[in-house]
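**Q** Please find one structure pasted underneath; my questions will follow.
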Amino acid sequence: MRLDDSTLSNLPADLAAQIRELDFLVRSAHRLNTSLELRKRLAIITEIVQEGLKCEAVSLLLYKEESGRLRFYVAANHIRPEGEHYELGLDEGLAGWIFKNGLVVRIRGAASDPRVQTECGGRIQLPIREVLGIPLQRGHRITGVIEALNKGEGGFTEEDENLLRSLSDTIAVSLENALLYRMIQREKLETESLYRISLKLNQTLKLKEILPLLLDLLKQAIPYHAAAIYLTDAEGKDVEFFMGQGYDAASERQAHLKMGQGAVGWVAKTGKPLLMEDVAQDVRYFRARATTRSELVVPIVSESRVIGAFNLESDHLGMFNKSDVKLLTTFASQAAISIERARLHEELLEKRRLEQEIKIARSIQEASAPRRSPEITGMGLAGLNVPSRQVSGDLYDFLAVHPGHTGILIADVAGKGVPAALVGARFQASMRAEIRNNYAIATILGRVNDLLLESGDAGSFITAVYGVLDIKTRRLTYSNAGHNPPLLLRADDRVEWLWEGGTVLGAFPHLTFEEQFVTLEPGDIVVFYTDGITEATDGRGEEFGSERLVETVRKLRGKSPHVICRGVVDATRVHEEMSQADDLTVVVLKASLPTDK
């Protein structure tokens, strides 16, 4: 709600101005939180700065680590389209100077400043008279530059500078969150596209039906202006155009290449991907389209043999990057499976499809696991996941919350195979994103629950426990979202179960969760686990159960967390006579004793 000026009329002018500024900043922050979509946030930022500073236009640039340059996201109110890259070096333009020096700049008579002319570079048509530029910062790190253009009579003032400084913190946080959200959405889209492709590629043996669908799905993950699939002939001497989008008929007829000829022929011959940011600078480019500026080609490989190539072309310079190379290579692997299936017996190919699906699920699950356990003074921490043959949705993670605090996450997604692995990957990405915002544990679980519901995974729910260990005080604060209660075995042999929290995630909207804490003394052990441990059954249908879990940990209490994890898994597998029906996941946190082994 905007303040009514009449309510401020009786206040001193300075106080009224301060209240108006505070009201504007609060309203601006609220507007920025209305959408996580990047382009909408850029539009809101532009409107807010124009409104607050009464300026004609706004430019906004962000630092891109992969190029070491500043990229225009807004150029004089023009929000640049995805893929249309206009960048400045850190030694170029006024924005480069501001970023490099970390200083605020106010300029009148900007038309005569060579830095402004360099920055415009013929791409910004607006005549620039005045500039107020300020670095965007997150902590001590400069992330970009925002510029207000053309104040008009009187130029930009110190009050304008102070207001833009105040806005810049909110803008920097807002942009970081929007970029993180876009990254998560892209990862989600990529993972879902891979899954949909794996399904499409296994629906028919007719490549003419499958591959056009593949190109459509591919475009959702990697935007392009033209795409083609090439296949090698039986002798491996030529590369032939199989199908494509965005080419005229004449180009398609001419697209018959010798091995090694052109970019596609080179990839087919070497088996290596080729990324061309500017095709005009690479002699290997075979001109099939007059408007192509950048190109990406990856091989389609089956059993170490190149059987074809994927070719993507864009009308923009530098449209593709290393992440696209990796993703397209994965797409190509999927295509290779289908192409080979069309050449092989149906029974053999069905077996390969199942193996590939499990491979995808396992790779997602393995990628989500920590590479190593964090080293914590006075504490031991370890985790172990032994996947079942079907691959279910178990996961665990160790998270760097902030200095002196370590996050511990264990979760179990309902279902098995690729769908469970995909939901688990999205859940883990959402948790990591929310943890960066430094919310309380209960708040994080509530927000992630709503994100799971918004993702539309009908019938998919997750049980989880998330805790944060204060290393200095040995206090473990946790919340249990419908998961098996972690076991706390005290050094004096008392047993506690960590139940406090709430219900499962992803089933009901607007949930609230409780937090609880325990303080760990030397010799105390906390065991997080999934239901694959306690519900493992022997030949008589008897479960491993919580009592056996307690006894197993008691026997191992003098050992390290790594040994305890392995011991619990081994005891479970012995109980179920090695016929593992579910994932077995254990995380052990132990307050160390000098005698631990």
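No lab work stands behind these numbers, since they all come straight from the coordinates. All of these numbers come straight from a predicted model, not from anything done at the bench. Glycine also receives a Cβ, built like all others from the backbone with ideal geometry; neighbour counts cover every protein chain displayed.
**Q** Provide the FRET efficiency to the nearest 0.05 for the Glu303-Gln185 pair, computing r from the beta carbons and using R0 = 51 Å.
**A** 0.90
**Q** With a point put 7 Å past each Cα toward its Cβ, work out how far Lys64 is from Glu366 in nm, to one decimal.
**A** According to this spin-label approximation, the distance is 3.2 nm.
**Q** If the label point is 7 Å along Cα→Cβ of Asn101, which residues in region 46-68 have backbone nitrogen under 20 Å from it?
**A** 59-63
**Q** Next question, about the same structure. Give me the percent of DSSP beta bridges within the chain that run antiparallel, rounded to the nearest 5.
**A** 95
**Q** Full-extension gain between Glu547 and Ala491, please, as 0.36 nm times their residue separation minus the C-alpha to C-alpha distance.
**A** That works out to 18.4 nm of additional length.
**Q** Is it possible to state the helix-based mean residue ellipticity at 222 nm for the chain, with each DSSP H run of 4+ residues giving -39500 (n - 2.57), the sum divided by total residues, to the nearest 500 deg cm²/dmol? What is it?
**A** Computed mean residue ellipticity for the chain: -13000 deg cm²/dmol.
**Q** Suppose R0 equals 35 Å; then what is the FRET efficiency for Asn321 and Glu153 from their Cβ-Cβ distance, rounded to the nearest 0.05?
**A** So, using R0 = 35 Å, E works out to roughly 0.20.
**Q** Looking at the chain, do any whole DSSP H helices span at least 27 angstrom along their long axis by alpha carbon and average -1.0 or above on Kyte-Doolittle, and which?
**A** Those that pass (Cα extent of 27 Å or more, hydropathy at least -1.0) are 13-32, 158-200, 322-343, 346-368, 417-436.
**Q** Now, a different point. Select one label from [x] 30.6; [y] 50.3; [z] 34.5: the one whose number is mean projected area of the Cα convex hull in nm² as derived from the coordinates shown.
**A** Entry [z].
**Q** In addition: What FRET efficiency comes out for Asn33 versus Ser388 if R0 is 35 angstrom and r is the Cβ-Cβ distance? Round to the nearest 0.05.
**A** For Asn33 and Ser388, the calculated efficiency is 0.25.
**Q** What's the long-distance tail for region 33-183, i.e. % of Cα pairs beyond 20 Å?
**A** So the portion of pairs separated by more than 20 Å is 42 percent.
**Q** Starting from the 7 Å offset along Cα-to-Cβ, what nm value, one decimal, do you get for the label separation of Lys555 and Phe517?
**A** It is 3.6 nm.
**Q** With labels modelled as points extended 7 Å from the Cα through the Cβ direction, what inter-label distance (nm, one decimal) is found for Ala581 paired with Ala111?
**A** 8.2
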